[in-house]
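Enquirer: Pasting in a structure now, in structure tokens, and then I'll have a few things to ask.
The values are calculated or read from the model by the stated rules, or taken from the named source; none is laboratory data. These numbers come from a predicted model, not from an experiment. Using ideal geometry, Cβ is built from the backbone for each residue, glycine included, and neighbour counts are taken over all protein chains shown.
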Amino acid sequence: MDTPGNEGWLAAVRNARAELAAEGCCVLRGFIKPELVSTLRDEGVALAPHAYYTVENVNAYNIPLDADLPPDHPGRIVLRRGNAFVARDLIPAEALIQRLYTDARFQRFVADCFGLAELHEYTDPLAGLCLNVVAPGMSHPWHFDTNEFTVSMLTQEPECGGVFEYCPSIRSREAENFADVRAVLTGHGERLIRRLELRPGDLQLFQGRFSLHRVSPVGGTVQRHSAIFAYSDTPGLIGTAERTRQLFGRVLPDHLAVGEARGDRLLD
Ligand SMILES: O=C(O)CCC(=O)C(=O)O
Ligand SMILES: [Fe+2]
């Protein structure tokens, strides 16, 4: 990585900002040096057995399936979430993805690309950094992120399938655009879908709160692995006990304390 403020840094930031403004997504190809890409993969392969493997019925908005919604609301469409997360507390401090997540220069670069004055790691001991594992036959179905700023990196590519697909700015702060979301969820939204060809070690910056996205079903025999670096422009983020149990199969004292008067901001 370049030094903050030098020519290479500024050019990369300018480019990322332009792509984010146009597409809500930006890929920095070959962000990890070629000689480290196999380390990146091997570390992910060693971690993957520790993921919380479960299959959950969800909708694209991650709201309860029994919510009282109008008949044509796309939140009524039930999807099968088959990806599994390795939580942050299981990822060694010396692993490349943990070192990157906590690196001050990396955080400054991400903040500059997103145009943020401040960028904070999550306080949440499980959700701030995860390895997302999508096994053959599984997918990470269409959804919106709760967080506005998502940074991710493929660490192992599958043999086939497992493509990152997204619908740039399908909704905005002002408009949910349920008709288009419904079209995508029912298989009639091809015109709205973009696909990324990601390689291990590429860095992806993404605004997933407004762009519906998924990892399509993985084929072949090899798992798809990606590191998810979660940051926020406000400090103190921690998930609710309920959501944490769904994602990781367990909770820690920090999650149980949410809801008491701690002044923390909730993830969901
Ligand atoms: O694994 C990926 O590439 C995407 C993950 C994702 O969308 C998420 O964790 O919210
Ligand atoms: Fe997402």
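Enquirer: Looking only at segment 65-79, count every residue that is outside any loop (DSSP other than H, G, I, E, B) and away from ligand 2 (no atom under 16 Å from the Cβ) and tell me the total.
Expert: 3
Enquirer: For segment 125-154, how many residues are more than 9 Å from ligand 1 (Cβ to nearest atom) and of a type in the set (Asp, Glu)?
Expert: Total meeting the criteria: 1.
Enquirer: As an exercise: evaluate Thr244 against (1) touching a strand residue (DSSP E or B) at 6+ places or on another chain (Cβ under 6 Å); (2) more than 15 Å from Pro168 (Cα to Cα) and give the number of the one condition it does not meet.
Expert: Of (1) touching a strand residue (DSSP E or B) at 6+ places or on another chain (Cβ under 6 Å); (2) more than 15 Å from Pro168 (Cα to Cα), only one is false for Thr244: (1).
Enquirer: What do you reckon, is Val222 outside any loop (DSSP other than H, G, I, E, B) and modelled with pLDDT of 95 or more? Before you say what the answer is, go through the steps one by one.
Expert: Working: outside any loop (DSSP other than H, G, I, E, B): no; modelled with pLDDT of 95 or more: yes.
No.
Enquirer: In segment 196-219, which residues are at pLDDT below 95 and in contact with a helix residue (DSSP H, G or I) (Cβ under 8 Å, 6 or more places away or on another chain)?
Expert: If the condition is that a residue be at pLDDT below 95 and in contact with a helix residue (DSSP H, G or I) (Cβ under 8 Å, 6 or more places away or on another chain), then Gln207 is the only one that fits.
Enquirer: Inspect segment 181-197 for any residue being away from ligand 1 (no atom under 11 Å from the Cβ) and within 15 Å of the chain's Cα centre (by Cα) and give the result as yes or no. So that I can check it myself, show each step before the final result.
Expert: Of the residues in segment 181-197, the ones away from ligand 1 (no atom under 11 Å from the Cβ) are 181-195, 197.
From the residues that got through so far, the ones that are within 15 Å of the chain's Cα centre (by Cα) too are none.
No - not one qualifying residue is present in segment 181-197.
Enquirer: Please work out which one of (1) free of Cβ contacts under 8 Å to residues at least 60 places away in the same chain; (2) among the charged types (D, E, K, R); (3) farther than 23 Å from Gly239 by Cα is the condition Glu43 fails and give its number.
Expert: Answer for Glu43: the failing condition is (1).
Enquirer: Which of the residues belonging to segment 152-189 are assigned to a helix (DSSP H, G or I) and among the acidic types (Asp, Glu)?
Expert: Within segment 152-189, just Asp180 meets the criteria.
Enquirer: Identify the single condition in (1) loosely packed, with under 15 Cβ neighbours inside 10 Å; (2) touching a residue at least 60 places away in the same chain (Cβ under 8 Å); (3) at negative phi that Ala21 does not satisfy, given that it satisfies every other one.
Expert: So Ala21 meets the others, but not (2).
Enquirer: If you go through segment 200-227, how many residues are among the small types (Gly, Ala, Ser) and either within 12 Å of ligand 1 (Cβ to nearest atom) or touching a His at 6+ places or on another chain (Cβ under 7 Å) (or both)?
Expert: Going through segment 200-227 one residue at a time, the tally reaches 5.
Enquirer: On to the next question. Yes or no: segment 57-74 includes at least one residue that is over 25 Å from Phe31 (Cα atoms), under 17 Å from the mean Cα position of the chain (by Cα) and without any contact (Cβ under 8 Å) to a residue 40 or more places away in the chain.
Expert: Checking segment 57-74: at least one residue is over 25 Å from Phe31 (Cα atoms), under 17 Å from the mean Cα position of the chain (by Cα) and without any contact (Cβ under 8 Å) to a residue 40 or more places away in the chain.
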